[in-house]
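Step one of this worksheet: look at the structure below.
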Amino acid sequence: MPIDLNVSVQSREPAGGDQIGLGLFRTSKGFRANVSGIVDLDELYLSRRNFSGDFGDVLNLPALNGQAAVCIGLGEGTKLDYLSLRTLGAKLLRALHGENCAVYLDGIIPKRLDQKKAVASFVEGILLASYRFEKYKSKVNLDRNKGSNQVKNLCLVTSQVQSIKSGVERAKVISSCVAFARDLVNEPAGTMTPKNFESSAKEFLKSSGVEIEIWDEKKIATERLGGVIGVSKGSNEPPRFITLRLNKGKAPVVLVGKGVTFDSGGLSLKSAGGMETMKTDMSGAAAVVGTLACLARLKHKGPVVGLIPLVENMPSGSATKPGDVLVARNGKTIEVLNTDAEGRLILADALSIACELEPAATIDLATLTGACVVALGDKIAGVMGDDTRLVDGLIKSAQRAGEDLWRLPLPDFYRKHIDSEIADIKNVGSPGGAGGSITAGLFLKEFAPPNHWAHLDIAGPARSTVDEGVLQKGATGFGVRTLVEFITSSGAFR
Ligand code: BES
Ligand code: ZN
Ligand code: ZN
C-alpha cells in the first residue's frame, strides 16, 4: 500500500493545524528552540517534566499559544548527521498526533551537511515510519489501532522552500520504492506467487523507463536454468525469471535477488515455527525491483540490470530429492543434499547469467542462511565478496543510508566443505552447519562473475519484529536504500 502521508513544503505554517513539531537544542544557558518565537520555553516547566534535551527525547507541550507542540531533543546539535536526521524524522512522526501537522525545519540541519541529502534523510525517516500494511485489517481493528499514527498531512515550514523541496522529492521517491518492496514481502505467500510477483513488478515499473523481460517455465527450461527448475519442481506454481534493464550500455551494474515466494524447505521440510516467516524469502527479489524503480525515477544514467529468479519451494511427489543432481546454467553439476538450501540453487543460475553480461560489478541480495541471523542478529546483514573495494564501498553506502553491513570472510580453505562425492559441488557444508553463511557464500562464488562480485545475506534485517524508528513489524525493504546510495554516489566503483 502506498505511503499514506502527504508531505508539503511551505514558508508559513498553515492555519488550523493539530500539532506542530520543533527541535530543542541544549545550550549552556538552557534550551533553545530551532525557531524562536513559536513556543514559550519555560525552563522550570521543562525541567519539572524531566526533559533532558538528549537526542530524541520527546516533550509534549499542551496548547500554550493556542497550538499543541511536540518538542524533540537535539542534544547540543553537534552530532547531527544523515543517520541521526533519519532517526529524528521517524521519532518526530511517531510523536505527532492529529491529521494536520507542521514541522519547523529552519536551524535543524547543520550547514556542514549536503542540504539536499540531509533533508532527504530527515523526510525519509518521516515517510518510512508512517508505512503501514493494513489491507487485511477490517475497519473495526483499524479504528482500534489508530492513535499511534494518524498524521495525514505534514507541512515542513521553512524559509528555504526551493532548496528543501528537492530533498523532499528525493525522499518521496526512495520511500515509495522501499514501501513497494515492503508490500511485496508483506503480501502472504498464498497470493504473492512467482506469477503475482511478475504482474506486481510490471505494474509498478509501468512507464518508469525500466524494461522488463519475463521468462516462463518453458523458456526457463530451454535456457537451461537447472537450479530454478530443480527447486520449483515440487510446487504447483510455475517459476519465473525476470530481467530488468535500465539504460543500455556495456559493463552494467548487475543486481541479483533471491525470489523464493515461500520456503517450506521442500522435502527437507522446515519445522512449523521455521516456516512462519518464510513468505519473507523473496526479500532480495523485492529489493532489486525497488532499487531499479528508484534509480529510474531519480534519472540515474548508467546501465543497471536486475536478475530475479522466482520459485516456490514445496515438498510433493514431484519434488527434488536429497541426493539428486542438478545442472546449473553454466554447466556445473550440483548434488542437492538438503532441499532447504534452495536459495543458492536458483542464485547459481542467475549469477551464471550475470557472468554472460560482463558486468562492472555484480551484487546479489538473499535471505540465504539462518546462520547469518545467528551470527549478526536481525539488524545487520552479512556482506561477502572477492573485491575489497566493492565490499568497502557497500559498507560505507550502507552507513550513509542507515542500514548495517558486516563483512564475513570467504577463505579458500573452507571450499572443501562443499566438495561432493559425485558432482562438482554440493549444496550444504560441514555437518552441524558450522560457518553456514560462509559456505553458502563460497557456493555462490563458484557461479558469480570473478573479481567484482559481492553477496549480501539479508536473512536477519529483511524483517523487523518491532515498530521502531523507520521500521514497522514485518518487511523492512532492506537493501534498497544502500544500493541506491551506492549506485548513485559517484566513484563508488570503477
Ligand atoms: N530461507 C532460508 C534462510 C533463512 C532462515 C532466512 C531464517 C531467514 C530466516 C534458507 O533457504 C535456508 O533454509 N537455509 C538453510 C541452509 C541449510 C539447510 C544449509 C538454513 O539456514 O538452515
Ligand atoms: Zn530454505
Ligand atoms: Zn530460503
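The values are calculated or read from the model by the stated rules, or taken from the named source; none is laboratory data. Bear in mind the structure is a predicted one, so any value in this text is a computation, not a measurement. Ideal geometry is used to build each Cβ from the backbone, glycine not excepted, and the neighbour counts take in all protein chains shown. Quick note on the areas: whole protein, heavy atoms, side chains included, nothing else; ligands and nucleic acids left out. Shrake-Rupley method; radii C 1.70, N 1.55, O 1.52, S 1.80 Å.
Quick notes
- Accessible surface of CYS355, taken over heavy atoms with a 1.4 Å probe and every protein chain present, rounds to 50 Å².
- For the stretch 6-157, the ratio of Cα radius of gyration to the globular rule of thumb 2.2 N^0.38 Å stands at 1.05.
- Per residue accessible area of the chain, 1.4 Å probe, in Å²: 41
- The alpha carbon centroids of the stretch 249-326 and the stretch 363-392 are separated by 15 Å.
- Solvent-accessible ranking of THR320, THR388, largest area first, probe 1.4 Å: THR388, THR320
- Alpha-carbon spread of the stretch 240-334, three principal axes, descending order, Å: 47, 33, 15
- Dipole of the stretch 6-157 computed with +1 at Lys/Arg Cβ and -1 at Asp/Glu Cβ about the Cα centre; of LEU85, ALA129, SER47, farthest Cα towards the positive end is ALA129.
- Counted charge near GLU211, where neighbours are those whose Cβ lies closer than 12 Å (Asp, Glu -1; Lys, Arg +1): +3
- With all protein chains in place and ligands, DNA and RNA left out, the 1.4 Å accessible area ranks ARG94, ARG407 as ARG407, ARG94, largest first.
- Over all Cα atoms in the stretch 287-367, the spread is summed up by Rg and Dmax: 15.6, 48 Å.
- Largest accessible area first, the residues TYR82, TYR131 order themselves as TYR82, TYR131 under a 1.4 Å probe with ligands, DNA and RNA left out.
- Label separation (LYS248 vs ASP81): 4.3 nm, computed from points 7 Å beyond Cα along the C-beta direction.
- The gain in end-to-end length when the GLU358 to LYS202 segment is fully stretched comes to 53.6 nm, 0.36 nm per residue minus the alpha carbon separation.
- Paramagnetic reach from GLU276 in the stretch 355-369 [backbone N under 11 Å; point 7 Å along Cα→Cβ]: none
- The three principal axes of the Cα atoms in the stretch 178-488 give end-to-end lengths of 49, 42, 39 Å, sorted in falling order.
- Hits among lysines - C-alpha to C-alpha of LYS165 under 25 Å, sequence gap 8 or more where chains match: LYS79, LYS91, LYS111, LYS116, LYS117, LYS152, LYS299, LYS301
- In the chain, the calculated helix contribution to ellipticity at 222 nm averages -10000 deg cm²/dmol per residue, counting -39,500 (n - 2.57) for every DSSP H run with n ≥ 4.
- Each 5 Å bin from 0 upward holds the following percent of the Cα-Cα pairs of the stretch 361-494: 2, 11, 20, 22, 19, 13, 8, 4, 1, 0.
- For the chain, Cys with no neighbouring Cys Cβ under 4.7 Å: CYS71, CYS101, CYS155, CYS355, CYS372
- Within the same chain, aspartates and glutamates fewer than 8 places from LYS218 are excluded, and of the rest, those with a Cα less than 20 Å from its Cα are GLU198, GLU237, GLU312, ASP349.
- Estimated vicinal HN-Hα couplings, Hz - the stretch 258-269 in sequence order (Karplus 6.51, -1.76, 1.60; Gly, Pro = x): 5, x, 9, 5, 8, 10, 7, x, x, 5, 7, 4
- Using alpha-carbon coordinates, inclination of helix 82-95 to the longest axis of the chain, degrees: 70
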